[in-house]
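Right, one structure below, let's go through it.
Every number in this text was worked out from the coordinates using simple rules, so none of it is lab data. Quick caveat, the model's predicted, so the values are computed rather than measured. Virtual Cβ from ideal backbone geometry, glycine too; neighbours counted across all protein chains shown.
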Amino acid sequence: MKITLKRTDEQVELVKAMASRNRDVAYEAQMALAEFINPVLVQVINQAPVISNLFNNFSFNEMDSPSLPLDLYYDISAPDYVKVYSTTVPGGLPSNTVAPTQSEMKFTTYRLDSAVDFDKRYAAKSRLDVVGKTFTRIAQEVLLKMEATSQSLLLGALAEASTNGDDHFITANNTGTGAQLILDDFNRLLTKAKRINTAWTGSAPEGGRIKGVTDLIMSPEAVEGLRAMAYNPINTRGGADADNAGIAGTDSMRDAIYNNAGLPEFYGISIMEINELGAGNKMVNAFDTICTDGSVTPDGVTFAKATDDLVIGLDRSRESLFRAVALDSESGSELNLLADDQYSVRQQKIGYYGAMEEGRMILDDRVLTGIIIDG
């Protein structure tokens, strides 16, 4: 992520004016630059995230109290009470609320903000690179807070998810050092997803259409296991020979994997590869903490962050993950970027403050499934 200001005569003069000894002129120049760069920051913040963009956005006025009518987001035959997951502070552990489907569910919103400053002499010397880096830092800090909040909500809901007394996890067939996914793991995950997506009576859903998994969020190591299917055995049962040898995939299947190493999808499921997953990485560590604090043992496995990995399955065909974002009453923008006026003349500083108010919620945890790779 990089925000660069073009070196035009107008922008050079505007940046120089920010260092003016006339406080009114300096403040007007700072606010003019804020109004100019604010739409760019909003675009960057909304396009750059990965996990955060899995949530469906809807906006509300800054002074309103956002809510969702639950009955419109659940089937008419849904149970009378449902569990809704949300967070009250950025990056905090999610809590679930049991609410009747006929109720109006209120969002808990919070502020994601960032404040940065730089020496006034950089503006006086028309250092557009320093000014650009300042706005880049604001976008990065807000983005990191959005991602942390989205990840904690997603992991917390997944860890506690249960349908008909059954959690939403399976354990990969292979275990131990170097454990990798095989085709059977995906096959069993699809079956698990179909079993938890039942009607409230436990029977087939409306129309007989059973929902499943559309996307998988995986670590680079897990994706490595998919590529390895081009040359490794894929069966779960031994061969007919005395050595109990493995069986390779068909030639057409192995050729398809070999020729498509990027793997945008596998087994009809879209693949999303992120660095936060993988043994000892950020999301795996957070999931281990959630499981430990809540005494959760997904699929009967005691999760170990140092060796285990996690694959997250998501059904994006259903509206369940929501993000409510407030629109500024004056500009109508999601991000409120202002010149920070806390600095006195003697401090020789120019500062900017950016803030965004949002709230996130998961209405139906049946869209979440997972595979634990027990390393």
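Numbers for the structure displayed
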| read-out | value |
| --- | --- |
| In nm, spacing of pseudo-spin labels at Lys349 and Asp184 (7 Å Cα→C-beta vector) | 6.1 |
| Amide proton proximity set for Asp340, modelled H, under 5 Å, gap of 5+ | Gly351, Tyr352, Tyr353 |
| Neighbourhood charge, 14 Å Cβ-Cβ cut-off, centred on Glu104 and excluding it, Lys, Arg +1 and Asp, Glu -1 | -1 |
| Computed E for Arg21/Leu338 - FRET, C-beta separation, R0 30 angstrom, nearest 0.05 | 0.90 |
| Nonlocal amide H pairs with Met105, under 5 Å, H built at 1.01 Å | Leu68, Leu70 |
| Anisotropy class of region 313-362 from Cα gyration tensor, a/c 1.5 cut | prolate |
| Label-point gap, in nm, between Ala32 and Glu104 - each point 7 angstrom along Cα→Cβ | 4.5 |
| Rh (Kirkwood; distinct C-alpha pairs) - region 1-75, Å | 16.2 |
| For Glu221, net neighbour charge (Lys/Arg +1, Asp/Glu -1) across residues whose Cβ lies under 15 Å away | -4 |
| Zone of Ser67's modelled label, taken as backbone nitrogen in region 106-126 under 12 Å from a point 7 Å along Cα→Cβ | 106-107 |
| Inter-site label distance for Thr307 and Glu224 at 7 Å from Cα along Cβ, in nm | 1.7 |
